[in-house]
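For reference, the structure is listed below as structure tokens.
We did not get these values from a lab; they are worked out from the coordinates using the rules stated. From a predicted model like this one, the values you see are computed outputs, not experimental measurements. Here the Cβ positions follow ideal geometry from the backbone for every residue, glycine too, while neighbour counts run over all protein chains shown.
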Amino acid sequence: MIAAAAPVRLGLRENLAQFSLLVAVNAFVGAMVGLERSTLPLVGRQQFGLGSSAAVLSFIVAFGLAKALTNLASGVAAQRAGRRRLLIAGWLVALPIPVLIAAAPAWSWVVAANVLLGINQGLTWSMTVVMKIDLVGPRRRGLALGLNESAGYGGVALAAALSGWLAASYAARDVLVVGGAAVALAALAISVLFVRDTAAHVALEQADVAGEPALTLGEAFAQGSRRDPALRSCSQAGLVNNLNDALAWGLVPLYLAANGAAVGAIGLVAALTALSGAWVLADMPAQRD
């Protein structure tokens, strides 16, 4: 006799196991970026002989453009393909990244690897936060978002500190390759074996708003960028925050290295920079959803 499936319910307590698993997965998402925080700009300057900061920072531009476009497309794709499939696809995209960095004969290969990293981040980070929101329902969205972002930036901080510490004893490029492969393989295995799709939770919540017309992409963009003052402010603040984060990612390691800082110290500074973002985002659940 086949056991009846457990009823689908919204809420943090009702979905604690899956919610906690997705928090852990997003820590892996952050770790993929954190591995580069304290070392990749130095690799560009020292191993590839890049003379200008603009050339070194090209990997951040490639990453940002790829992530932005993937974020834009991931919403529609999630509706059609499902959240879990996109999460798994994001980790599959991450698998060639350490291979490209290990085999790179030129800096352009590293830039290409960061295009893949941007796609990976756009898919995996977006899906973990959306799936958490699906699980908890409309009443706890602020909490879900705050925990997701804190876990992600916590992963960035931990990986940045650890990669800087290891790079003091081993080649920075080797640390990136081994660390990136380990994170991508572990997160892919967890996503395939243990993460469950949240389509049933979405259907349950949408049943309460049946008949309300959905916004088109153009309408949603206009709402978030121009028409709604609160959303417009959030969009502008997000742009400034990501710009500051990109500058800290690319320029701080170069500045510290030029002034004699050891790689381990650079990793610690990179970790503290990311950790400050996690602390700020941890306060988000205290605000009204």
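Round to the nearest 0.05 the FRET efficiency obtained for A54 and F221 when R0 = 22 Å and r is the Cβ-Cβ distance.
0.15
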Enclosed volume per residue, in Å³, of the convex hull spanned by Cα atoms of the stretch 212-268: 120 Å³
Formal net charge of residues neighbouring I88 (Cβ-Cβ distance under 14 Å; K, R +1; D, E -1): +3
The chain: Rg to Rh, with Rh as the Kirkwood radius over Cα pairs: 0.99
Per-selection Kirkwood Rh - the stretch 9-146 (Cα, Å, 1 d.p.): 16.1 Å
The stretch 141-157 - phi-based ³J(HN,Hα) in whole Hz, Karplus 6.51/-1.76/1.60, Gly and Pro as x: 5, x, 4, 4, 5, x, 5, 4, 5, 5, 5, x, 6, x, x, 4, 5
Order of T124, T39 under a 10 Å beta carbon neighbour criterion, fewest first: T39, T124
At q = 0.11 Å⁻¹, base-10 log of I(q)/I(0) for the stretch 153-249 (Debye sum, equal scatterers on each alpha carbon): -0.70
³J(HN,Hα), Karplus 6.51/-1.76/1.60, whole Hz, each residue of the stretch 100-111, x for Gly, Pro: 4, 5, 5, 8, 4, x, 8, 5, 4, 5, 5, 4
Assigned charges on the beta-carbon of Lys, Arg, Asp, Glu; the chain dipole about Cα centre (debye): 120 debye
Estimated FRET transfer efficiency when R0 is 22 angstrom, pair L10-R80 (beta carbons, to 0.05): 0.45
Inter-label distance, nm, simple model (7 Å from Cα along the C-beta direction), Y255/L92: 4.2 nm
Qualifying chymotrypsin sites (Phe, Trp or Tyr not before Pro) for the stretch 132-189 [loop in DSSP, other Cβ within 10 Å: at most 15]: Y170
Protection proxy ranking of 114-122, 254-262 - average other beta-carbon atoms within 10 Å, highest first: 114-122, 254-262
FRET efficiency, 1/(1 + (r/R0)^6) with R0 22 Å, evaluated for V178 and A262 via beta carbons: 0.60
Vicinal HN-Hα couplings computed from phi for the stretch 84-97 (Karplus, 6.51 cos²θ - 1.76 cosθ + 1.60; Hz; Gly/Pro x): 5, 5, 5, 4, 5, 4, x, 6, 5, 5, 6, 4, x, 4
Computed over the chain: relative contact order in percent, which uses C-alpha pairs under 8 Å that are six or more apart: 33 percent
Sequence-distant residues sharing a close amide H with G137 (under 5 Å, placed H): G11
